[in-house]
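Undergrad: Just dropping this structure here.
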Amino acid sequence: MKVLIGTTNPSKLRMFEEWLEGYPVEFVTLSDLGITGDPSETGDTPTENARLKAEYYGQYADYCICQDSGLYLDALPLDDPRQPGLHIRTPQGKRLDDDEMIAYYSSLAGSLGGKVMAYYLDGFAVKTPEGIQTYMKSQEEARDGAFWLTDKPCDKRRPGWPLDSISLMPDGSYFLDNQYKLKSKPCTDTQTKKAWVRFLVDALGL
């Protein structure tokens with residue numbers, strides 16, 4: 001089965017490759033198909049944005065996986081303009097590259113005491129010839145995977161996921177010190193990761 005990964009983020013591609021390792025899947029990238037257009041991401045939740053991506057990229061492949069994330073800092077009210085939410089890459093309306101993201105978010109963590117508890121809310125969409133299926137945990141469930149965002153970057157980098165350089169496991173160790181050799185994003189909640197993989201396997205009919 002050929003599956004298009006609807007992203008230009010190399011780390012996301014490696015994540016899905018690791019999660020579905022051993023399954024009869026051949027991944028195809030946007031560059032493989034010469035896709036240069038961008039879908040609109042006007043949804044109110046990560047799931048809605050993932051669905052919009054799947055609808056757009058699904059024009060080019062029978063099977064497609066898309067994902068979107070929101071980042072939430074517990075120290076900030078949801079309506080605080082500093083709350084990243086769905087605009088992780090574009091806080092304050094400006095699109096940041098990886099280095100700029102590390103600088104911006106480490107400064108934000110510094111302004112909140114040096115480190116702040118954070119969590120990602122991830123939405124997934126899988127497009128098949130039968131339609132589109134989506135999956136997202138609630139914000140309360142997503143908090144089970146909470147971690148620390150710190151103002152002190154480590155010296156390692158993961159292209160596409162720059163915030164891993166300033167993310168700490170609950171025990172205070174850096175994400176990249178724990179999982180640097182792995183392809184996928186560290187997940188502090190193993191049950192959540194299992195649920196994501198199970199959704200992908202079921203939605204693709206593997």
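The values are calculated or read from the model by the stated rules, or taken from the named source; none is laboratory data. These figures come from a predicted structure and were not determined experimentally. FYI the Cβ positions are ideal-geometry reconstructions off the backbone, even for glycines, and counts take in every protein chain you see. Quick note on the areas: whole protein, heavy atoms, side chains included, nothing else; ligands and nucleic acids left out. Shrake-Rupley method; radii C 1.70, N 1.55, O 1.52, S 1.80 Å.
Undergrad: Please go through segment 18-52 and give me each residue that is in contact with a strand residue (DSSP E or B) (Cβ under 6 Å, 6 or more places away or on another chain) and part of a helix (DSSP H, G or I), ordered by number.
TA: Within segment 18-52, Pro46, Thr47, Asn49, Ala50, Arg51 qualify.
Undergrad: Continuing with the same structure: Tell me, which residue of segment 60-75 that is in a loop (DSSP other than H, G, I, E, B) and of a type in the set (Ser, Thr, Tyr) is most open to solvent (accessible area, probe 1.4 Å)?
TA: Tyr60
Undergrad: List pairs: first in segment 192-206 and in contact (Cβ under 8 Å) with a residue 12 or more places away in the chain, second among the hydroxyl-bearing types (Ser, Thr, Tyr), Cβ under 6 Å, 6+ apart or cross-chain?
TA: Phe199/Tyr135; Leu206/Tyr23
Undergrad: Where the second residue is of a type in the set (D, E, K, R) and the first is open to solvent by 60 Å² or more (accessible area, probe 1.4 Å) and lies in segment 98-109, which pairs have Cβ atoms under 8 Å and are six or more apart or on separate chains?
TA: Short answer, once both residue conditions are applied: Ser107/Asp151.
Undergrad: Also, quick follow-up: Would you please name the residue that is modelled with the lowest pLDDT, looking only at residues in segment 170-196 that are surrounded by fewer than 16 Cβ atoms within 10 Å (Cβ to Cβ) and within 16 Å of Met136 (Cβ to Cβ)?
TA: Gln191
Undergrad: Looking at Leu13, Leu78, which one is modelled with pLDDT under 95, in a loop (DSSP other than H, G, I, E, B) and either buried (at least 20 other Cβ atoms within 10 Å of the Cβ) or not β-branched (Val, Ile, Thr) (or both)? Step through it out loud before you land on a result.
TA: On the way: Leu13 fails: in a loop (DSSP other than H, G, I, E, B).
Criteria check complete, one pass: Leu78.
Undergrad: Ok, one more. So which residues in segment 135-155 are out of contact with any strand residue (DSSP E or B) (no Cβ under 6 Å at 6 or more places or on another chain), open to solvent by 60 Å² or more (accessible area, probe 1.4 Å) and among the basic types (Lys, Arg), if there are any at all?
TA: Scanning segment 135-155 gives a single hit, Lys152.
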